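The values are calculated or read from the model by the stated rules, or taken from the named source; none is laboratory data. Owing to the predicted nature of the structure, the values given are computational and were not obtained by experimental measurement. Note that each Cβ is placed from the backbone with ideal geometry, even for glycine, and that neighbours are counted across all protein chains shown. Only protein heavy atoms, including side chains, enter the accessible area calculation; ligands, DNA and RNA are left aside. Shrake-Rupley method; radii C 1.70, N 1.55, O 1.52, S 1.80 Å.
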Amino acid sequence: ETGDAGRLRVGNFQSVGTRVLPTLLRSFSESHPQVEVLLRESLDEQELLEMVERGELDVTFWALPIAPGPYESVELLRDPYVLVVPAGSPLAALKRAPTLKEIALHPLIGFNHCASTAEVEASLASTGRQPNVVFRSDNNGTVQGLVGAGVGISVSPRLTVDEDDSSVEVIDLQGRVPPRVIALVWHRDRHRSAAAEAFVESAMSVCRELSEESAAA
């Protein structure tokens, strides 16, 4: 139908870009070959919501919750936090998930400030020990590289982690830190094109499969 034609402007952030988008865009472009998807990546999450509000983006990926505003959203997946430690770390030798207190005793490699980072650090601080963040980066690969080099450990959403990296070990935190909830957000009062609606449907089905795969893994 003609409503599908045209452009779709999508906001995203790095870990979604690496893990979710390749599969999603392949599936979407197969079903909607006439739609051109323009991706806008931003390090400053807040900017993505502002662009949705101004009508510069049709939809954006977002980690919930959303600040009050003219937004509607749909939850795509829950991305659990894992602890990334250097290979051979005593934390990996424990037969259980380390406690937040045990984690807070180690130097941490953190992400530059975003809402989910603040939440993780607040969880760690709730143990009564202020987490000692020795480095911060916007880049998932840099965070993991510093852990692999033995500079510190990191509490990272699973989607940001390359689990094939032999310089690190990845420990499931068993929900000690609540998962990051990834959603798609759009403006509730602006017209949503057929392409935007189809993109949301496509994202929901791709993320459902991703969640099932990681549950089975």
(message) Between 143, 155, 181, where does the largest GNM mean-square fluctuation fall for the chain, given springs only between Cα atoms within less than 10 Å?
(response) 181
(message) Need the full-extension length gain, residue 44 to residue 99, defined as separation in residues times 0.36 nm minus the C-alpha distance. One decimal, nm.
(response) 16.7 nm
(message) Compute a Gaussian network model of the chain, connecting alpha carbons closer than 10 Å, and tell me which residue from 193, 156, 116 fluctuates the most.
(response) 193
(request) Sort out for me the Cα centre separation of segment 133-205 from segment 46-104, rounded to whole Å. (result) 6 Å
(message) Which GluC sites (Glu not before Pro) in segment 31-131 sit in a loop by DSSP (not H, G, I, E or B) and have at most 16 other Cβ atoms within 10 Å of their own Cβ?
(response) 56
(message) Taking R0 as 22 Å, what FRET efficiency do you get between residue 29 and residue 192 from their Cβ-Cβ distance, rounded to the nearest 0.05?
(response) 0.70
(request) Tell me the Kirkwood hydrodynamic radius of segment 135-217 in angstroms, computed as one over the mean inverse distance between distinct C-alpha pairs. (result) 15.7 Å
(request) Loop only per DSSP, at most 16 neighbouring Cβ atoms within 10 Å: give me the GluC sites (Glu not before Pro) in segment 123-217, ordered by residue number. (result) 163
(message) Rolling a 1.4 Å sphere over the protein heavy atoms, what is the accessible area per residue of segment 1-108, to the nearest Å²?
(response) 49 Å²
(request) For segment 1-116, just run the numbers: alpha carbon Rg, then divide by 2.2 N^0.38 Å, N being how many residues it has. (result) 1.40
(request) For segment 1-56, state which trypsin sites (Lys or Arg not before Pro) are in a DSSP loop and have at most 11 other beta carbons lying within 10 Å of their beta carbon. (result) 54
(request) Using the heavy atoms of the protein chains and a 1.4 angstrom probe, tell me the accessible area per residue for segment 125-201 in square angstrom. (result) 48 Å²
(request) Mind telling me which of 165, 189, 79 comes out most flexible in a GNM of the chain, alpha-carbon contacts under 10 Å? (result) 189
(message) Between residue 164 and residue 135, what is 0.36 nm times their sequence separation minus the Cα-Cα distance? Round to one decimal in nm.
(response) 8.2 nm
(message) Over the chain, what is the relative contact order in percent, taking alpha-carbon pairs closer than 8 angstrom and at least six residues apart?
(response) 33 percent
(request) At a temperature of 20 °C and a viscosity of 1.002 mPa s, determine how fast segment 97-183 diffuses translationally according to Stokes-Einstein, using the Kirkwood radius over alpha-carbon pairs as Rh; express D in µm²/s, rounded to the nearest whole number. (result) 163 µm²/s
(request) Please find the FRET efficiency linking residue 67 to residue 215, where r is the Cβ-Cβ separation and R0 is fixed at 25 Å, and quote it to the nearest 0.05. (result) 0.25
(request) Of the listed values [x] 342; [y] 115; [z] 133, grab the one calculated as volume of the Cα convex hull per residue in Å³ from the structure here. (result) [y]
(request) Run the accessible area of the chain with a 1.4 Å probe and give the carbon-and-sulfur part as a rounded percent. (result) 50 percent
